[in-house]
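J.: Can you read through this structure? Questions will come right after.
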Amino acid sequence: MDHDAAPVLEALARYQKAGELPFTPPGHKQARGADPRVRQVLGDAVFHGDVLASGGLDDRRTRGGVLQRAEHLMADAVHAEHTFFSTCGSSLSVKSAMLAVAGPHEKLLVGRDAHKAVVSGLVLSGIRPVWVEPQWDDERKLAHAPSAASFEAAFAEHPDARGALVTSPTPYGTCADLSGIAEVCHRRGRPVIVDEAWGAHLPFHPDLPTWAMDAGADVCVTSIHKMGSGLEQGSVFHLQGPHIDPAVLAQRADLLGTTSPSVLLYAGMDGWRRQMALHGRELLGHALELAAEVRERLEAVEGVHVNGREDFTGEGRAADLDPLPIVMDLSQLPVTGYQAADWMREHHHIDVHISDHRRINTQLTHADDQQTAGVLIDAVRELAARAHEFPKAPTISLPASSALRMEQACLPRDAYFGGVEDVPASEATGRIAAEMITPYPPGIPVVLPGERLTDTVVRYLRSGVEAGMNLPDAASTDLDTIRVLIEDRPVPPADD
C-alpha cells in the first residue's frame, strides 16, 4: 500500500481548498464564531481542522471511504487484519474489546494489574472477572504482568472463561510473555486481548519488544497519543485471527463511542501512521540511542538508580523491557517520588509521567533530543544534590504484595450499582467497597468495587495520601471516608 498517502489529512486539505460552507455543527463555523481570546491561544488551524466526519470530511453517506482507507493503511503498517480508529481513548477501545469477547455474567481472565478502564468495563458489562495475579517484585514493590503459567492455571480452574486480558507494556515499560499467553488461550480456542496502550511505537523498530499482533494477540488496543505523535484521546484497536468477528467488535465500539468523532484526532492518527511507516525505524533508532545515553548519564548521579533489564526481567519477572521509559529509583535519597515530581515541576518546569513512593518515570519518545534530555539530566542532578533540603516525608505503610489482595465478595457491577453509604475510613475494614480507589498515575486500582476492605489496604492508602499519593476517583479524595455497600440487601456472590 502507498504509505505516503494520508486520506484524512488529504480530505481536510480538499475541504479547505474548496471553501466548503457548513450549515452544520460545529458551531464555530471554521473559527469565525470562536472567541478571539480562544483563537489567540489555540490558533485558527485547530478550528479549521474541526469538521464533521460525515457531511464534512466525507459526504453524508461516507462514500469517499476516507476513514476506511486510513484504517486500512494503519492495519497494513502494523501487520493487522483490521484496524479501528477511536477518538475516545484506549479506555473506550479496551471496553469495546471486552464486550466483543464476553457478555454479562460470563467469565474473563483479567490480570489484576489492569487499568481502571478495564474495571469500568466490568462495571458496565457485568462480566465476571477471574483475577490473575501479577508477578510481584516485593523487593522493589512493583508488579509485572502475569505469566503464561498463571493464565494456564486460571483456565484450568475456570475452563468456561471466554478469554483473557493482559496489560503489556506496563506503565513502567515491562512486558508480558505475550506469545506464551496467546498460546495458552488459542489452545483452548479462546481469544486474548492485549491492553498495549503504552506500545504504539513497538511495531516500528526491531530492537523494541515484540508487539502484540506479532505475538499472536487477537485484539490489541493502543494509545497513539502516549508513545506516538497523535493527539490526546487518539486510540486504535487492531484485530486478527478467527476468534472475534470484526463486525461484532465494530458494533461494540459503536455502542460505546461518540456519534461526533473528532476529525482532528483522526488526522493525528493518520499522520502518525504515515510518519512511522516512512520514517519510524530512523526516528525510533535515534530515540533508542538517546535513551541509552540518558540512562548511562542518570545512573552516574549519586543516589539515583535507573532500572534496567537486570532489575525488571528474568525468572518471576517481566519477559522484556521497553527502554524508552526511564524509571529512576530514588530510594537512596531522602525523598519520595511524589516530592521529586512536585519539585521538578516547580523548579524546572518538568512534568514526569509517574511518581510513586520511591520512583519517578520519565517517558522518552522520538520527539526528544539532546536539548530535552539535557534539561532532564540537569534537573535530576540538582534534585539529588539538594535532596537533603527536603522535609521528611510521611512514611507510607506499604506491605508485601500478598497483603494487598482482598476477597472479591461480589461482582464489581453489583457493588457499584448497589445501595451504598460513605463511612469513616476507620470503620471501613471488613466492608465491601462500592468504588474504585486508584493511585493516578498510572491508574491501576488498589481497591475495586466488590472487594472486602482490609485494615492493611486502608492504612496503605491513607498513609499514601499523607505522603502525596493522588486518588482522583475516590468519592473522598483525601480518603476521610470510603464508599461501601450497604450489606443488609441480598448481594450475589462474586463466583458460583
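J.: Is it the case that the range 200-215 has a residue that's under 23 Å from residue 102 (Cβ atoms), charged (D, E, K, R), outside any helix (DSSP H, G or I) and not assigned by TED's automatic domain parsing to the domain that holds residue 316?
T.: no
J.: Can I ask one more? For residue 17, indicate whether it is surrounded by 11 or more Cβ atoms within 10 Å (Cβ to Cβ), among the basic types (Lys, Arg) and out of contact with any strand residue (DSSP E or B) (no Cβ under 9 Å at 6 or more places or on another chain).
T.: no
J.: Restricting to the range 216-233, name every residue that is buried (at least 22 other Cβ atoms within 10 Å of the Cβ), modelled with pLDDT of 95 or more and assigned to a loop (DSSP other than H, G, I, E, B).
T.: The answer is 217, 218.
J.: Does residue 374 satisfy being in contact with a helix residue (DSSP H, G or I) (Cβ under 6 Å, 6 or more places away or on another chain), small (Gly, Ala, Ser) and either at pLDDT 95 or above or on the phi > 0 side of the Ramachandran plot (or both)?
T.: No, not satisfied.
J.: A follow-up question, please. Looking at 384, 373, 428, which is the one that is assigned by TED's automatic domain parsing to the domain that holds residue 478, surrounded by 13 or more Cβ atoms within 10 Å (Cβ to Cβ) and in contact (Cβ under 8 Å) with a residue 40 or more places away in the chain?
T.: Answer to the check: 428.
J.: Can I ask one more? Please pick out the residue among 311, 322, 351, 356 that is within 17 Å of residue 171 (Cβ to Cβ), touching a Pro at 6+ places or on another chain (Cβ under 6 Å) and not hydrophobic (A, V, I, L, M, F, W, C).
T.: Exactly one of 311, 322, 351, 356 is within 17 Å of residue 171 (Cβ to Cβ), touching a Pro at 6+ places or on another chain (Cβ under 6 Å) and not hydrophobic (A, V, I, L, M, F, W, C), namely 322.
J.: May I ask you to verify whether residue 460 is aromatic (Phe, Trp, Tyr), under 27 Å from the mean Cα position of the chain (by Cα), part of a loop (DSSP other than H, G, I, E, B) and outside the structural domain of residue 335 (by TED's automatic domain parsing)?
T.: In short, no.
J.: Still on this structure, I have one more. If a residue must be touching a Ser or Thr at 6+ places or on another chain (Cβ under 7 Å) and under 14 Å from residue 255 (Cβ atoms), how many such residues does the range 104-138 contain?
T.: 1
J.: If you don't mind, another one. What do you reckon, is residue 233 polar (S, T, N, Q), over 21 Å from the mean Cα position of the chain (by Cα) and within 25 Å of residue 68 (Cβ to Cβ)?
T.: No.
J.: Looking at (1) in contact with a Lys or Arg (Cβ under 7 Å, 6 or more places away or on another chain); (2) in a strand (DSSP E or B), which one does residue 238 not meet, given that it meets all the others?
T.: Condition not satisfied by residue 238: (1).
J.: For the range 267-300, what are the residues that are out of contact with any Gly (no Cβ under 8 Å at 6 or more places or on another chain), surrounded by fewer than 22 Cβ atoms within 10 Å (Cβ to Cβ) and farther than 20 Å from residue 225 by Cα?
T.: The answer is 289, 290, 292, 293, 296, 297, 298, 299, 300.
J.: Sticking with this structure for a sec: Can you confirm whether the range 450-473 contains a residue that is among the basic types (Lys, Arg), in contact (Cβ under 8 Å) with a residue 60 or more places away in the chain, in contact with a Gly (Cβ under 6 Å, 6 or more places away or on another chain) and surrounded by 15 or more Cβ atoms within 10 Å (Cβ to Cβ)?
T.: no
J.: Name the residue that is surrounded by the most Cβ atoms within 10 Å (Cβ to Cβ), counting only residues in the range 252-266 that are in a helix (DSSP H, G or I) and touching a residue at least 12 places away in the same chain (Cβ under 8 Å).
T.: So the first thing to find is which residues in the range 252-266 are in a helix (DSSP H, G or I), and the list is 252-256, 263-266.
So of that shortlist, the ones also touching a residue at least 12 places away in the same chain (Cβ under 8 Å) come out as 252-253, 255-256, 263-266.
Details: 252: 20, 253: 21, 255: 10, 256: 16, 263: 25, 264: 22, 265: 24, 266: 28.
Filtering the range 252-266 for residues that are in a helix (DSSP H, G or I) and touching a residue at least 12 places away in the same chain (Cβ under 8 Å), the one surrounded by the most Cβ atoms within 10 Å (Cβ to Cβ) comes out as 266.
J.: Filtering the range 101-139 down to residues that are farther than 18 Å from residue 437 by Cα and out of contact with any strand residue (DSSP E or B) (no Cβ under 7 Å at 6 or more places or on another chain), which residue is surrounded by the most Cβ atoms within 10 Å (Cβ to Cβ)?
T.: Once the filter is applied, the top-ranked residue is 125.
J.: Now, a different point. Please determine whether any residue of the range 97-115 is within 15 Å of the chain's Cα centre (by Cα), touching a residue at least 60 places away in the same chain (Cβ under 8 Å) and closer than 30 Å to residue 3 by Cβ.
T.: So far as the range 97-115 goes, yes, one or more of its residues are within 15 Å of the chain's Cα centre (by Cα), touching a residue at least 60 places away in the same chain (Cβ under 8 Å) and closer than 30 Å to residue 3 by Cβ.
J.: Farther than 30 Å from residue 437 by Cα, among the aromatic types (Phe, Trp, Tyr) and surrounded by fewer than 18 Cβ atoms within 10 Å (Cβ to Cβ) - does that describe any residue in the range 41-53?
T.: The answer is no, given that none of the residues of the range 41-53 is farther than 30 Å from residue 437 by Cα, among the aromatic types (Phe, Trp, Tyr) and surrounded by fewer than 18 Cβ atoms within 10 Å (Cβ to Cβ).
The values are calculated or read from the model by the stated rules, or taken from the named source; none is laboratory data. No experiment lies behind these values; they were computed from the predicted model shown. All Cβ positions, even for glycine, are placed from backbone atoms using ideal geometry, and neighbour counts span all protein chains on display.
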